[in-house]
1. Any idea how far apart A:SER284 and B:ASN48 come out in nm if each label point goes 7 Å out from Cα toward Cβ?
2. Through the Karplus equation 6.51 cos²θ - 1.76 cosθ + 1.60, θ set to phi - 60°, convert the phi angles of the stretch A:407-416 into ³J(HN,Hα) values in whole Hz; use x for Gly and Pro.
3. Can you give the charge dipole size of the stretch A:306-367 about its Cα centre, rounded to the nearest 20 debye, using +1 on the beta carbon of Lys and Arg and -1 on the beta carbon of Asp and Glu?
4. Dipole size in debye (nearest 20) for the stretch B:159-273 around its Cα centre, Lys and Arg Cβ +1, Asp and Glu Cβ -1?
5. On alpha carbon coordinates alone, what is the Rg over Rh value for the stretch B:141-280, Rh being the Kirkwood radius?
6. Could you work out the relative contact order of the stretch B:21-157, using alpha carbon pairs under 8 angstrom and six or more residues apart, expressed as a whole percent?
7. Work out, step by step, the length gained on full extension between A:ALA194 and A:SER320: first 0.36 nm times the residue separation, then minus their alpha carbon distance; give nm to one decimal.
8. Counting other beta carbons within 10 Å of each Cβ, put A:THR364, B:THR84 in order, fewest first.
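Throughout, read-outs are computed from the coordinates displayed, never taken from laboratory work. Keep in mind that what you see is a predicted model, and the values were worked out from it rather than measured. For neighbour counting, all protein chains shown are included, and Cβ atoms are generated from backbone atoms with ideal geometry for every residue, glycine included.
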Amino acid sequence: MTLHQAPTAFADRASGYAAFLVAHRNKAVLRFIACGSVDDGKSTLIGRLLHDTKQIFDDQISALQRDSRKHGTQGQEMDLALLVDGLQAEREQGITIDVAYRFFSTDKRSFIVADTPGHEQYTRNMATGASTADVAVILVDARQGLTRQTRRHALLVSNLGIRRVVLAVNKMDLTGWAQGTFDGIVAGFRDFAADLNFSEIKAIPLSAKNGDNVVEPGIAAPWYAGGPLLAYLETVPVRAEALNAPFRMAVQWVNRPDSEFRGYSGRIASGRVRPGDSVTVQPSGRTSTVARIYTADGDLPEAGEDESVTLVLADQIDASRGQVIVATDAPMRVAETLDARLFWAAETDLAPGASLFAKIGTATVTATVERIVSRIDPETGKPGPAERLSANDIADVRLRLDRPVAVDAYAENRETGSLILIDRETTDTAALGLVLAPSVEASPTTQPARGGLLRGLKRLFGR
Amino acid sequence: MSAALSAAVQPSVPSAAPSSPADRLSHLKRLEAEAIHIFRETVAETENPVMLYSIGKDSSVLLHLALKAFAPGRLPFPLLHVDTTWKFREMIAFRDARAKELGLDLLVYTNPDGLARGVGPVSHGSEVHTDVMKTQALRQALDKHRFDAAFGGARRDEEASRAKERIISLRTAQHRWDPKRQRAEPWHLYNLRKKRGESLRVFPLSNWTELDIWLYIEQENIPIVPLYFAKERPVVERDGQLIMVDDDRLPLAPGETPQQRLVRFRTLGCYPLTGAVESDAATLPEIIGETLAARTSERQGRVIDKDGAGAMERKKREGYF
């Protein structure tokens, strides 16, 4: 270890610090997921982003050099993947086992990266990483081209509501930066993704190992002028799609320290709220007016998505944990029967009749699987018949709840249209679920035999 | 020089304008809201939660967020400090002052068996000391009070195995962490269920970085232990680390005398195991500037992280927080 005097960060401390704070306060955070098959270089790419944006400290570099000699797969060079593969088993096997979160920032944005494994329990890990991501970076090995895994990953992130994807064609150096190879992969992907509802597909030829087109532009591909990955991530809109969702806040906690104060604490899932707004508590249906938006820092004149607040209502109506306070003019659906797309995560099978806990917002109810409507082919998205579900299956099911809950369709609201199923015995999270729009068919048995893919996507995306 | 720093020293660089209305909420505000949400979910769904209070800067932030989460009500859980008896004296003074000022329900626990055996970092080494006085002590304290959920200030950016830890992390009845049996944690839907005897560790600061912590301390004016600020302090050099001589329990070599050096601490723990850094950063802006310019990670000052590769993962499996 070297002891050294830390350099003075701000040449003129006072003004430099003020400028830094202004920049930092305006900075947004972008969450993205990196996905790919084994050996596509996900961990190396994330390691490269961290390294080239100077997030790696000297002592971590020396540890990395030491680890690279022991576990590295890059010969004499530093193996950047070891920066993110943190578990001993991962280092020993040279693979990523579990979803990891990494952080870096530039002067434009802060970033949270979910690094998800491409093989082991990929459905559950990738769905988890995608659930909060704004953008997906799908890695493809330029030498392998599109694989079954690529299709699965694209379908999965599309299902989870991600609208912007980067097709990162990695290891371009190993193809001699062949434009034809790149163009072929991109054309194939656009063709496959035509039905996946992406609003933008940004294709970038890069080499995570050498750093070309990751943070710095690559000079080896003069035919590509689209800019490096980081430049895209710094400018892509954050959650542009979610802006118009109506006000929803699930009650987490009734704050009643004394007889004078009664507030409903929660995190605003979507929309905005102001004192004077008419709100309805669902599923009970009672209506009141927002009197105050209390926070520890004082009352707010307005609050919006992602803020944790405590609402005081004008009337003494009873709201409790599990209920949702919503804009009166845009209520949620109250349902006792839900159609949901499940990502089955448990090692045990699921059969019709199974009883689990469902956590929906802050409500926990008992859910019985009334029937398995169809299993979704993970590569094509096409529905097919299924008697049971096994680990990593994706399927549409009908759930019967022991009491009504307020929900939105996932296509309209990721926060209020999502659920988890919990095994009552092991208490493990058994499935991730997306609430589907209510079925219009009178008899559910008639769906979705024909036109399945398109109709399935329409139900999922609400179009 | 970090990318963020270059903006700081060149005020002429235009600051990033919010690119859409959704960008209006700053990163720090979003982190704060997420942490508050986690506190409320945990309190609503567990029987007997407790907050692990280590007195460090992350604990200070954690406490501040907890108070916000339940205001204007009181904190609905006690604080637990696992005292190894080797903390800096200024830490203990700070702890007691804060508890009094805020009217906190503070529990202090020391492993009585370790105390009786005289286990300490100097006599027994960092591994044994940490195991007996921290890991085992924590397990004893959680068992004694039957806490079923414990909040901690760990962050995913601290260490590679932490990066894979869930926000709500399950522990067996023996307090062991199984990295292969972690639950999926999608959206903001936290599964706080557990079997009898099992317990949860809850990490509301999971998505914060060291820089976020400092910026938040500055923004919110959160009190922290003065040891974080540079001052002339008596130190000796041990294995390349600058160790502060906080009391007379640190043996000195014949003829060795502590030197007064201008130092501060980036993390705080047991004083013989916590390296100081030479620094003249005596204010929060100066510390933030130094953090931006830092070339070494904060954990570099922690002796216990160097107890072999994968040391943290192993300690966590054994029940270390």
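1. Taking the simple label geometry, A:SER284 and B:ASN48 are separated by 3.1 nm.
2. 9, 10, 6, 4, 4, 8, 7, 5, 7, 9
3. On the way: 4 positive and 9 negative charges, 24 e Å.
Here the stretch A:306-367 has a charge dipole of around 120 debye.
4. Computed charge dipole of the stretch B:159-273: roughly 1000 debye.
5. Details: Rg = 19.6 Å, Rh = 18.2 Å.
Using only Cα positions, Rg/Rh for the stretch B:141-280 is 1.08.
6. Working: 140 pairs, mean separation 42.6, N = 137.
It rounds to 31 percent for the stretch B:21-157.
7. 41.0 nm
8. Lowest count first: A:THR364, B:THR84.
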